[in-house]
1. Which percent of the accessible heavy-atom area of segment 23-62 goes to carbon and sulfur, probe 1.4 angstrom?
2. So how far apart, in nm, are the two label points at Thr77 and Ile149 if each is 7 Å from Cα heading toward Cβ?
3. Which parts of segment 74-97 would a label at Thr45 reach, counting a residue when its backbone N lies under 12 Å from a point 7 Å out along Cα-to-Cβ?
4. Evaluate segment 36-91: find the radius of gyration of its Cα atoms, find its Kirkwood radius, and give the ratio Rg to Rh.
5. Report the extension gain between Met156 and Asp90 in nm, rounded to one decimal, defined as 0.36 nm multiplied by the number of residues separating them, less their alpha carbon distance.
6. Between Leu30 and Ile170, what length in nm is gained on full extension when 0.36 nm per residue of separation is reduced by their alpha carbon distance?
Amino acid sequence: MEKTVLSATLLVLSCLGVSLVHADSLSAPLNVTIKELKVNSAVVTWDIFEGDPVIGFAITQQKKDVHMLRFIQEVNTTTRSCALWELEEDTEYIVHVQSISLSGSSPPSEPVRFRTPKEAEKLASNSADEVTIQQVGQSAQLRAGELIIIVVVLIMWAGVIALFCRQYDIIKDNEPNNNKDKAKNSSECSTPEHPTGGLLRSKV
């Protein structure tokens, strides 16, 4: 009986040991980054090692110098990002990400620190972006106008050249006719006329 209990105990311990080994072998997420940072929200993204048996993720959000944590856990997902909401403006936060498998959780990732902007700074940034967009639109309109002017000038030059070529062809085609007329006129002028005196003599 004691041997049976001992064997069962060893089996349970071995199973726990295997699960602990699997949990320890799960790697922490990589390249944890904060994107789309706004006054009251942000998005955290990360990568994982290929082949890790990950079934979900856990995100820990903490204010700097404050012990209270916000814990976000997502399972049965392959997503690599998570939205952080209800943030306070001009506040520094610390974020960790952990991978979750059937055997446990990975070590936490390297801490990522970020600070939310102030409302005034965000408005100034938005207005600067609007000004930049307007400037880009105006420059695009100017370029379009310049291109239209260039195209019109080129079309006018093409028309002038075509008209010149047409007039040149007409003049060139008329040159042989003019030469024939000149030759005909010169031959008529060179033919001698019979004197009238000879006619009078024959009558006499």
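The values are calculated or read from the model by the stated rules, or taken from the named source; none is laboratory data. A quick note: this is a predicted structure, and the numbers were derived from the prediction, not measured. Note that we place each Cβ from the backbone using ideal geometry, even for glycine, and neighbour counts take in every protein chain shown. When the accessible area is computed, the model is the full protein with side chains, heavy atoms only, and any ligands, DNA or RNA have been set aside. Shrake-Rupley method; radii C 1.70, N 1.55, O 1.52, S 1.80 Å.
1. 47 percent
2. 5.6 nm
3. Backbone N within reach: 80-82.
4. Rg/Rh: 1.02.
5. 17.6 nm is the gain from fully extending Met156 to Asp90.
6. This chain segment gains 42.4 nm when fully extended.
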